[in-house]
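Notes to accompany the following structure.
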Amino acid sequence: MKLVDVIKPTGIGRPGMLVKDVFRLCVEADVPGIPFVDERQQIIGKLSIRHVLKQTCIPDFMVKHAHLLGDSLHHLDISKELLASVLACPADDFVLPNSPQATSNTPFSKALAIMEEQDTTYLFVLDQGIYKGTISIMGIAHAMLEENRAV
Amino acid sequence: MEHSLSITNMWISAGVLLAAYVLIFTEKLHRTTAAILGAVSMTGIGMVFGFYSQEEAIAVVDGNTLLLLVAMMMLVTMLRPTGGLEYLGIKLAKMAGGDPRRLLVYLCLVTSLFSMVLDNVTTVLIFAPLTVLITRILNINPAPFLIGEAMLSNIGGAATLVGDPPNIMIGSASGLDFMAFIVHMGPMVVPAWIVTIGLLLFLFRHQLAPGEALGTGDIDLNEERAIKDYPTLWRVTGALVLTVALFFVHHRLHLFPAYVAWIGVAVALLVSTKDPEKLLAGVEWSVLLFFAALFMIVGGVESSGLLDLIGQQLAAFAADPEQLLLSALMVMWAAAILSAIVDNIPFTITMLPIIAGLESQGAHVTPLWWALAIGVGLGGNVTHIGATANIICVAESERAQYPNSTITPMQWLRVGMPVMLNSLTVVSIIFVVFFEWFL
């Protein structure tokens with residue numbers, strides 16, 4: 001089982017992109033987030049769907065009391081207007097500075113350890129500073145099933 | 001230890017105190033960092049100039065105050081995750097039947113009552129986010145409710161010895177017991193509470209008009225799901241009830257309030273089998289160190305003889321029974337005004353040795369203690385930074401995502417100023433009319 005086998009190539013977030021562009025890149029590659037590069041093409045952070053939604057669509061008071069909420073609170077739901085405004089936001093506003101990384105030679109155990117430490121389910125793979133793609137917990141699970149089948 | 005009393009030493013100690021307080025109030029540094037710097041400087045400079053020693057710096061830290069605070073923080077840390085307070089909040093919101101005015105009264109009443117026993121910050125930390133959720137469900141502006149909860153939590157906390165850190169300090173310095181606080185602060189706090197809620201209902205009459213909210217059945221929250229740990233809730237509540245019951249009789253049993261609180265902690269730990277390591281993580285060590293450092297700073301000024309000198313100047317005035325009422329009113333209003341602008345703890349800790357010193361010079365100081373307690377308690381309502389509970393509610397209003405829900409400093413002042421002036425005026429009238437009660 002090698003990390004290189006589960007890398008998914010993805011697009012990269014760049015300054016000036018909108019949230020909808022980022023969401024599209026994530027959906028196309030089936031990953032929860034993508035790296036964000038500056039003008040010098042250096043990865044300076046990541047754009048995460050979860051982070052964007054948390055910042056824009058779920059107020060703190062709902063998160064704190066999620067277990068109490070009933071199913072009829074439709075007026076607190078995400079409106080079409082909110083949806084449109086979120087997707088039209090500049091993606092730069094949602095860049096998280098922390099972007100957990102690995103290389104193609106990173107062992108699975110180390111990759112999983114980094115995910116646990118950083119409380120994330122995906123990592124960016126860079127070889128000598130060049131972005132190769134993303135590995136996710138789903139990719140690792142898929143590789144484990146494939147490996148088991150081969151055995 | 002004998003010290004040489006000199007005007008120079010008094011000036012030096014006053015300079016260190018002033019520098020530390022400037023650092024604390026300007027928030028250039030974290031207040032605990034500033035206070036520790038001040039305590040270390042005061043002790044070091046005092047040793048060099050011979051007016052303060054390490055032994056004295058340690059001895060002036062009021063163990064009764066700090067241990068009582070630690071114990072109450074531990075009880076709160078055990079109670080908070082059980083969800084019992086959220087349960088009560090949702091029940092009351094449903095009882096209000098969608099009427100914003102009743103909702104305001106109920107939520108303010110429950111925060112006041114809990115603030116009498118638990119610390120205000122914890123009470124507001126629990127009720128403020130819940131209030132935002134309830135008001136958002138009812139589609140009404142949460143700002144009036146958040147302002148009301150913070151203000152009435154501050155007022156409720158002033159009613160008991162354990163309700164507010166200044167009261168704990170005053171109780172420890174004066175020897176006044178829990179019952180004495182209830183009996184003397186209660187007749188001032190209850191009218192102040194009524195005046196405040198009345199003013200809030202008037203000032204926010206447009207936002208709280210019935211019909212502004214959605215109907216009764218629209219609070220789609222399941223209070224049963226709020227309680228996450230029934231056994232711990234009952235056990236810790238039992239320990240808390242025992243603690244409060246013991247507070248009522250601690251003076252008869254010759255027990256320190258801090259010892260009573262630790263009996264409560266011991267019982268709660270025993271019956272709830274919670275990991276003490278987790279409970280200790282819930283103790284606000286930064287706050288406790290801030291208080292300890294302030295005691296050391298003020299101890300240095302006291303040791304230099306400056307506070308004695310101030311006491312001697314005031315004694316002639318305060319010792320005259322004819323002037324005692326005026327002195328108490330001056331303390332009350334000065335405490336309220338200063339507490340509105342700056343943190344009330346440094347002011348309270350500075351006043352403790354001055355008032356205690358007046359007593360040793362023959363003045364009858366009991367009314368001054370009550371005046372100080374009610375002054376710092378009500379003064380915190382004027383500005384959004386007057387009390388930590390206010391800051392929490394302002395922050396919560398910013399996260400509410402409702403039109404015009406964000407409480408600006410000026411909005412707070414427009415409500416806080418009349419609330420403080422009216423409540424303190426009513427309290428002053430009660431103080432004057434029933435002055436013998438406070439002797």
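Condition check ((1) open to solvent by 80 Å² or more (accessible area, probe 1.4 Å); (2) within 23 Å of B:L130 (Cα to Cα); (3) acidic (D, E)) across all residues:
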{"position": "A:I49", "(1), (2), (3)": "no, no, no"}
{"position": "A:K64", "(1), (2), (3)": "yes, yes, no"}
{"position": "A:H67", "(1), (2), (3)": "no, yes, no"}
{"position": "A:S72", "(1), (2), (3)": "no, yes, no"}
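Collect the residues in the stretch B:203-223 that are part of a loop (DSSP other than H, G, I, E, B), at pLDDT 70 or above and within 14 Å of chain A (Cβ to nearest Cβ), keeping them in residue-number order. Residues satisfying the conditions are B:I219, B:D220, B:N222. State all residues of the stretch B:299-325 that are over 29 Å from the mean Cα position of the chain (by Cα) and of a type in the set (D, E); if no residue qualifies, say none. B:D320, B:E322 - these are the residues of the stretch B:299-325 that are over 29 Å from the mean Cα position of the chain (by Cα) and of a type in the set (D, E).
When B:L69, B:L75, B:L23, B:L37 are checked against the criterion of being more than 30 Å from B:Y230 (Cα to Cα), in a helix (DSSP H, G or I) and within 23 Å of the chain's Cα centre (by Cα), B:L23 stands alone in meeting it. When each of A:L126, A:L112 is tested for being of a type outside the set (S, T, N, Q), in contact with a helix residue (DSSP H, G or I) (Cβ under 9 Å, 6 or more places away or on another chain) and open to solvent by less than 80 Å² (accessible area, probe 1.4 Å), the lone residue that passes is A:L112.
Residues checked against (1) open to solvent by less than 10 Å² (accessible area, probe 1.4 Å); (2) among the hydroxyl-bearing types (S, T, Y); (3) assigned to a helix (DSSP H, G or I):
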site	(1), (2), (3)
B:W333	no, no, yes
B:F347	no, no, yes
B:L358	yes, no, yes
B:A371	yes, no, yes
B:V382	yes, no, no
B:G386	yes, no, no
B:P418	no, no, yes
B:T425	no, yes, yes
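The single residue among A:A102, A:A66 that is closer than 22 Å to B:R399 by Cβ and modelled with pLDDT of 90 or more turns out to be A:A66. Selection of the stretch B:279-296 for residues being in a helix (DSSP H, G or I), in contact (Cβ under 8 Å) with a residue 60 or more places away in the chain and either buried (at least 19 other Cβ atoms within 10 Å of the Cβ) or of a type outside the set (G, A, S) (or both) yields B:L279, B:L280, B:V287, B:L288, B:L289, B:F290, B:F291, B:A292, B:A293, B:L294, B:F295, B:M296.
Can you name the residue in the stretch A:82-103 that is open to solvent by 70 Å² or more (accessible area, probe 1.4 Å) and closer than 17 Å to A:K54 by Cα and, of all such residues, is nearest to the other protein chains (Cβ to nearest Cβ)? Among those residues, the one meeting the criterion is A:L83. B:L113 falls short of the stated requirement of being crowded, with 24+ Cβ neighbours inside 10 Å, part of a helix (DSSP H, G or I) and either of a type in the set (A, V, I, L, M) or touching a strand residue (DSSP E or B) at 6+ places or on another chain (Cβ under 9 Å) (or both).
The values are calculated or read from the model by the stated rules, or taken from the named source; none is laboratory data. Note that the structure is predicted; figures quoted are calculated from it, not measured. Note that we place each Cβ from the backbone using ideal geometry, even for glycine, and neighbour counts take in every protein chain shown. SASA here: full protein model, heavy atoms, side chains in, ligands and nucleic acids out. Shrake-Rupley method; radii C 1.70, N 1.55, O 1.52, S 1.80 Å.
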